[in-house]
Amino acid sequence: MIVKYNENLSTITSIGVGGKCKGIFFPETEEELVDLLKLFDGKAKYKVIGNGTNLLFSDSYHDFFAISTRKMARKMAKRKNYVILSASSSLFEAYQFCLKHNLSGFEKLATIPGNIGGSLASGASCFQTSIYDFLEKVKIFHNGEIYWKSKYNLEHGYHYSTFLKNNLENPFVILSAKFCLKEGKACSIQKEYLECSAKRKLNQPHGKSFGCVFKNKNNQSSGMLIENCGLKGKQQGDAIISEKHANFIINKGNATYQNIKFLIDTMEDNIKEKYNINLEKDVEIVE
Ligand SMILES: Cc1cc2nc3c(=O)[nH]c(=O)nc-3n(C[C@H](O)[C@H](O)[C@H](O)COP(=O)(O)OP(=O)(O)OC[C@H]3O[C@@H](n4cnc5c(N)ncnc54)[C@H](O)[C@@H]3O)c2cc1C
């Protein structure tokens, strides 16, 4: 297992921002992960991180260990129309596996850059499809024990799940998950993926980001509200509100946490003043 004690959290987040923590661990198998969890659980503060695409860490020192699942071996198994996927599998890898087996479900979600663990924790959804639509149950590590929990015993909603309430002492950690998919034709599954990918390329910017800053609530596009406030292109240091999609902040190079936080606060204040709406953050901020 690789351990990095002097590395910034910026190296494991898609926005490329974040200060040091007590150490970043990269387990390579589920067994290594579980050993680590047993070592830390209840004794040291730690946070499990997937692909780091929904996280903004401040630049200051973080008093916890980070466990990144991105270098872990992917385990994927299929039986009839059920698949069991390790938490470390990306949504794109899940789609590729299912495509091979003519199973439909992940083709829209595959356009989200997260992995299974992080996406279940953040309640990922896109194109009217949620990862919870197909979930049967999750395999969890908690308080030294490993067990399966049914979807019906988990809180989840639009970009929300029970796992977002995790603390740093003994969090519920997702090890793998079982999904029930629909049988389909490979050509139409692939067509759906390509169409969703193309829509994303058309509407969303390239570059380092954490996706949308704010949730869309009550059928209202937060991006449109931000755009109506004339904030597209507003820049602070190397952070800029995207010209293509106002709900995205892009790190053009060496943006700091303060640069990004300034833009987020500006968006929030402007919307409150113009529309009297309190926006809810989509990105998870860890100060
Ligand atoms: C370009 C871009 C586009 C995006 N588009 C969308 C979109 O359309 N829809 C959408 O919903 N999101 C979108 N996102 C946000 C993000 O990709 C999703 O929320 C994604 O599902 C997060 O997965 P992750 O693996 O990166 O999670 P991370 O960011 O690594 O973690 C998110 C949370 O999950 C927790 N976590 C991670 N792994 C585990 C685990 N094994 N057990 C327990 N907790 C865990 C973390 O501690 C953290 O609290 C986008 C992001 C980007 C950069």
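In table form, for the structure just shown:
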item	result
Exclusive hit being assigned by TED's automatic domain parsing to the domain that holds I140 and surrounded by 14 or more Cβ atoms within 10 Å (Cβ to Cβ), set S197, S188	S197
Count - residues of the range 1-24 that are touching a residue at least 24 places away in the same chain (Cβ under 8 Å), within 17 Å of K71 (Cα to Cα) and not hydroxyl-bearing (S, T, Y)	6
Pairs where the first residue, in the range 117-131, is closer than 24 Å to S68 by Cα and outside the structural domain of F172 (by TED's automatic domain parsing) and the second is near the ligand (Cβ under 6 Å from one of its atoms) and in a loop (DSSP other than H, G, I, E, B), C-beta under 9 Å, 6+ apart	none
E107 vs. criteria more than 23 Å from K38 (Cβ to Cβ), of a type in the set (D, E) and away from the ligand (no atom under 14 Å from the Cβ)	no
Some residue of the range 26-38 being of a type in the set (V, I, T), surrounded by fewer than 22 Cβ atoms within 10 Å (Cβ to Cβ) and touching a residue at least 24 places away in the same chain (Cβ under 8 Å)	yes
For A73: the one exception among (1) closer than 26 Å to S209 by Cβ; (2) modelled with pLDDT of 95 or more	(1)
Tally, over the range 237-255, of residues that are surrounded by 18 or more Cβ atoms within 10 Å (Cβ to Cβ) and of a type outside the set (F, W, Y)	11
Selection count where residues are over 22 Å from K182 (Cβ atoms) and among the aliphatic types (A, V, I, L, M), scope the range 50-94	7
Hits in the range 172-200 - residues which are under 30 Å from L33 (Cα atoms) and either more than 15 Å from the ligand (Cβ to nearest atom) or assigned to a strand (DSSP E or B) (or both)	V173, I174, L175, S176, A177, K178, F179, C180, L181
Residues located in the range 258-284, provided they are surrounded by fewer than 18 Cβ atoms within 10 Å (Cβ to Cβ), of a type in the set (A, V, I, L, M, F, W, C) and in a helix (DSSP H, G or I)	F262
Failed condition for C21, given (1) surrounded by fewer than 20 Cβ atoms within 10 Å (Cβ to Cβ); (2) touching a Phe, Trp or Tyr at 6+ places or on another chain (Cβ under 8 Å); (3) not assigned by TED's automatic domain parsing to the domain that holds A186	(1)
Tally, over the range 41-64, of residues that are surrounded by fewer than 21 Cβ atoms within 10 Å (Cβ to Cβ) and either within 18 Å of E145 (Cα to Cα) or assigned by TED's automatic domain parsing to the domain that holds L91 (or both)	6
Candidate set from the range 124-147 (those that are assigned to a strand (DSSP E or B) and away from the ligand (no atom under 11 Å from the Cβ)); member that is nearest to E195 (Cα to Cα)	L135
Residues of the range 109-123 that turn out to be in a loop (DSSP other than H, G, I, E, B) and either hydrophobic (A, V, I, L, M, F, W, C) or buried (at least 23 other Cβ atoms within 10 Å of the Cβ) (or both), as a count	2
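Okay, residues lined up against (1) more than 30 Å from C196 (Cα to Cα); (2) of a type in the set (A, V, I, L, M, F, W, C); (3) not in a loop (DSSP other than H, G, I, E, B):
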residue	(1), (2), (3)
S10	no, no, yes
G18	yes, no, no
C21	yes, yes, yes
N51	no, no, no
F64	yes, yes, yes
R74	no, no, no
A77	no, yes, yes
L85	no, yes, yes
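The values are calculated or read from the model by the stated rules, or taken from the named source; none is laboratory data. On a predicted model such as this, the values are computed, not experimentally measured, just so you know. Because the Cβ atoms are built from the backbone with ideal geometry, glycine has one as well, and the counts that use them run over all protein chains shown.
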